[in-house]
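Colleague: Before I ask anything, let me first share the structure, which is written out below as structure tokens.
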Amino acid sequence: MDKELFDYVAERADVLIASGSSTQVTRDAAQAWKDAVAADEAAADEATAKLVDVLDGRPTTIDGVIAFAQGAAVDMFGEEKAAEILATQLKRKEEGAKWCDCDACVAASEILAKFGRVEL
């Protein structure tokens, strides 16, 4: 794996580990990637393939975020905040967004896009 691609994945793995929006499975996969490449940098290709496999299907689609804003977000944040979230996400969808814009979903979708698994 070339340095540019390695650095690209490493930066996003750090986001996945630190993000409060990441699931534990995602955090664990990103940490496993970091641990594997720290132990043996030559293992980067194999470790990256494992990370990409775990991330596949994990980023929330824009439609998923819209459904969240229309449902669970009302109970979690109240009607006013949920309406703000919904308006923002509907606008993003109209502008062509395909994925959630939280830091974890952005990092995951960027990694997946880099390896041809999704389109941004």
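The values are calculated or read from the model by the stated rules, or taken from the named source; none is laboratory data. As the structure is a computational prediction, the values presented were derived from the model and not from experiment. A quick note on method: Cβ atoms are made from the backbone with ideal geometry, for glycine too, and the neighbour counts reach across all protein chains shown. Quick note on the areas: whole protein, heavy atoms, side chains included, nothing else; ligands and nucleic acids left out. Shrake-Rupley method; radii C 1.70, N 1.55, O 1.52, S 1.80 Å.
Colleague: Excluding ligands, DNA and RNA, what is the solvent-accessible area per residue of segment 18-120 at a probe of 1.4 Å, expressed in Å²? Each step should come with its number before you reach the end.
Modeller: On the way: 5940 Å² over 103 residues.
For segment 18-120, the per-residue accessible area is 58 Å².
Colleague: Still on this structure: Would you please state the base-10 log of I(q)/I(0) at q = 0.09, 0.15, 0.23 1/Å for the chain, with intensities from the Debye formula using one equal scatterer on every alpha carbon?
Modeller: Once normalised to I(0) and log-transformed, intensities are -0.28, -0.68, -1.24.
Colleague: A further question follows. With θ set to phi - 60° and the Karplus curve 6.51 cos²θ - 1.76 cosθ + 1.60, what are the ³J(HN,Hα) couplings of segment 105-120 in order, to the nearest whole Hz, using x for Gly and Pro?
Modeller: Values, residue by residue: 5, 4, 4, 5, 5, 5, 4, 4, 5, 4, 9, x, 8, 9, 9, 7 Hz.
Colleague: Taking θ = phi - 60°, what integer Hz values does the Karplus form 6.51 cos²θ - 1.76 cosθ + 1.60 yield along segment 72-77, in sequence order, with x for Gly and Pro?
Modeller: Using θ = phi - 60°, the values come out as 4, 4, 4, 5, 6, 10 Hz.
Colleague: Another one. In whole percent, how big is the carbon plus sulfur part of the accessible area of the chain, probe 1.4 Å, protein atoms only? Write out the running numbers ahead of the final one.
Modeller: Working: 3560 of 6930 Å².
It is 51 percent, rounded to a whole number.
Colleague: If you don't mind, another one. 7 Å from Cα along Cα→Cβ at both GLN31 and GLU4: what's the point-to-point distance in nm?
Modeller: 3.3
Colleague: Output the Kirkwood hydrodynamic radius of segment 54-112, Cα pairs only, in Å rounded to one decimal. Could you put the intermediate results ahead of the total?
Modeller: On the way: mean 1/r = 0.0857 Å⁻¹.
It works out to 11.7 Å.
Colleague: Could you rank ARG58, ARG92 by how accessible they are, 1.4 Å probe, largest area first? Don't skip to the end; give the middle numbers.
Modeller: Details: ARG58 100, ARG92 50 Å².
Highest to lowest solvent-accessible surface, that is ARG58, ARG92.
Colleague: Give the value in nm², to one decimal: projected area of the alpha carbon convex hull of segment 24-75, averaged over all directions.
Modeller: For segment 24-75, the mean projected area of the Cα convex hull comes to 4.3 nm².
Colleague: Continuing with the same structure: Cut-off under 21 Å on the C-alpha distance; same-chain residues fewer than 8 positions from LYS81 excluded. Which lysines are left, in chain and number order?
Modeller: Counting by Cα, and skipping residues close in sequence, LYS81 has these lysines nearby: LYS91, LYS93.
Colleague: Where the only charges are on Cβ atoms (+1 Lys, Arg; -1 Asp, Glu), what is the dipole of the chain about its Cα centre, to the nearest 20 debye? Spell out each step's value before the answer.
Modeller: Values: 13 positive and 24 negative charges, 55 e Å.
So the dipole magnitude of the chain works out to roughly 260 debye.
Colleague: Additional query: Quick one: helix 24-39 against the long Cα principal axis of the chain, what's the angle to the nearest 10°, folded into 0 to 90?
Modeller: In the chain, helix 24-39 runs at an angle near 20 degrees to the longest axis.
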